[in-house]
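Single-structure report; data block below.
The values are calculated or read from the model by the stated rules, or taken from the named source; none is laboratory data. Quantities reported herein were computed from a predicted structural model and do not represent experimental measurements. Positions of Cβ are generated from backbone atoms using ideal geometry, with glycine treated the same way; all protein chains shown enter the neighbour counts. Remember, those area values only see protein heavy atoms, side chains included, never the ligands or the DNA or RNA. Shrake-Rupley method; radii C 1.70, N 1.55, O 1.52, S 1.80 Å.
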Amino acid sequence: MRAIEISKFGGPDVLQLTERSEPQAGAGEVLIRVHAAGINRPDVLQRMGFYPVPPGASDLPGLEVAGEIVGGDLVGCEFKLGDHICALVQGGGYAEYCVAPIAQCLPVPVGLSMIEAASLPETYFTVWSNVFDRARLIEGESLLVQGGTSGIGVTAIQIARALGHRVFATAGSEEKCRATERLGAERGINYKTEQFPDVVKSLTDGKGVDVILDMVAGSYIPREIDCLADDGRIAIIALLGGSKSEIDLAQVLRRRLTITGSTLRPRSVQFKSAIAAQLRVKVWPLLETKKIAPVIYQVFPMEQASVAHATMEHGDHIGKIVLQIL
């Protein structure tokens, strides 16, 4: 099969088209003929040498795919040969064939293309796990999304808004701020020209927000604490602003704040299967009724994976970047 491999750690040009043996599905796994693969920030970090591959996972990049089931362990499974699915995988998505645990597969939502379906798993699993499971966003609470036009951001805004929550989002330009508002954010906050704690507190009558989804960390954490409501929670999913922060622990104690974080890739199949089950029941109907929708910024042919990565690193995108494999 054709695949995109990381020839060495470095810039986008280290992504090279190569020939690999077709992977073999094991117990509880399906073999997918990949039509499209989503590109995510962890792929970029892996390419640079900053995101180690978990033991036993493919060294090929790619954490989400959409395609057709062409083999695997289908006994007692809801899926059958020929079904169109999307799947969260530990690696190997940038290839013509990929193996995925059945429990991490979901049907392509009715009305969506393979390109659109390939953009779903990584961001939808991440958002649900961190915003609704880990940070426990519940009815009547509000959410601040840092990086509102990223793949994670557009997903978090749409799901939270569709479920009835007040949502605020930060972005780096007026154009991107307006994009977050079209997606459902009550207010897009330009972090280059505005202080997001001041804006959030002014919009919440001084209360602050209940949950913050943070992919920046670093110097953002003290400011996020400042704009949290009492009993508020920060869920950290990336460290784009650095891994160290100086925080006022007195506020954490006095106002019962929670700062937590997680990464999805190394978690067990059992853990991810529980997320898949919740998405199937609570979020897939929102996609099929068009209450929320994938946001695709650009699609690149497989051979242009390096250009796709350069586009992500440039940072102008709103939504997801996808590789077309088939």
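In the stretch 38-51, is there at least one residue being touching a residue at least 40 places away in the same chain (Cβ under 8 Å), touching a Gly at 6+ places or on another chain (Cβ under 7 Å) and more than 20 Å from Met114 (Cβ to Cβ)? No: zero hits. Being crowded, with 22+ Cβ neighbours inside 10 Å and small (Gly, Ala, Ser) holds for only one residue in Gly140, Gly93, and it is Gly93.
Within the set Ser7, Ser58, Ser21, the sole residue that is polar (S, T, N, Q), farther than 28 Å from Met312 by Cα and at pLDDT 95 or above turns out to be Ser21. For beta carbons closer than 6 Å, sequence separation of 6+ or different chains, a first residue in the stretch 218-231 that is touching a residue at least 24 places away in the same chain (Cβ under 8 Å) and a second that is part of a helix (DSSP H, G or I), the qualifying pairs are Arg223/Pro197; Ile225/Gln251; Asp226/Pro197; Cys227/Pro197; Cys227/Val200; Cys227/Lys201; Asp230/Arg255.
Screening Gly82 against (1) surrounded by fewer than 22 Cβ atoms within 10 Å (Cβ to Cβ); (2) under 20 Å from the mean Cα position of the chain (by Cα); (3) on the phi > 0 side of the Ramachandran plot leaves a single unmet condition, (2). Looking across the stretch 178-216, the residues that are among the small types (Gly, Ala, Ser) and buried (at least 17 other Cβ atoms within 10 Å of the Cβ) come down to Ala179, Gly184, Ala185, Gly188, Gly208.
Against the numbered list (1) under 17 Å from the mean Cα position of the chain (by Cα); (2) assigned to a loop (DSSP other than H, G, I, E, B); (3) under 21 Å from Gly140 (Cα atoms); (4) of a type outside the set (A, V, I, L, M, F, W, C), Lys207 comes up short only at (1).
Highlighted here are the helices (runs of 4 or more DSSP H) found entirely within the stretch 210-311 that include at least 2 residues which are of a type in the set (S, T, N, Q): 269-282. Entry remark, the stretch 164-175: residues being without any contact (Cβ under 8 Å) to a residue 60 or more places away in the chain, in a loop (DSSP other than H, G, I, E, B) and either more than 15 Å from Ala229 (Cβ to Cβ) or of a type in the set (D, E, K, R) (or both) number 2 in total. Just to be sure before I move on: is Ala171 within 30 Å of Asp73 (Cα to Cα), at pLDDT 95 or above and either open to solvent by 20 Å² or more (accessible area, probe 1.4 Å) or aliphatic (A, V, I, L, M) (or both) in the structure I sent? When the stated conditions are applied, Ala171 does not pass them. When Gly111 is tested against (1) more than 18 Å from the chain's Cα centre (by Cα); (2) at negative phi, just one condition goes unmet, and that condition is (2).
So is Gly111 touching a residue at least 40 places away in the same chain (Cβ under 8 Å) and surrounded by fewer than 21 Cβ atoms within 10 Å (Cβ to Cβ) or not?
Taking the combined requirement at face value, the residue satisfies it.
Residue by residue, here is whether (1) farther than 26 Å from Ile39 by Cβ; (2) open to solvent by 60 Å² or more (accessible area, probe 1.4 Å); (3) in contact (Cβ under 8 Å) with a residue 24 or more places away in the chain holds:
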| site | (1), (2), (3) |
| --- | --- |
| Gly242 | no, no, yes |
| Glu246 | yes, yes, yes |
| Thr260 | yes, no, yes |
| Leu264 | no, no, yes |
| Leu279 | no, no, yes |
| Pro301 | no, no, no |
| Met312 | no, no, yes |
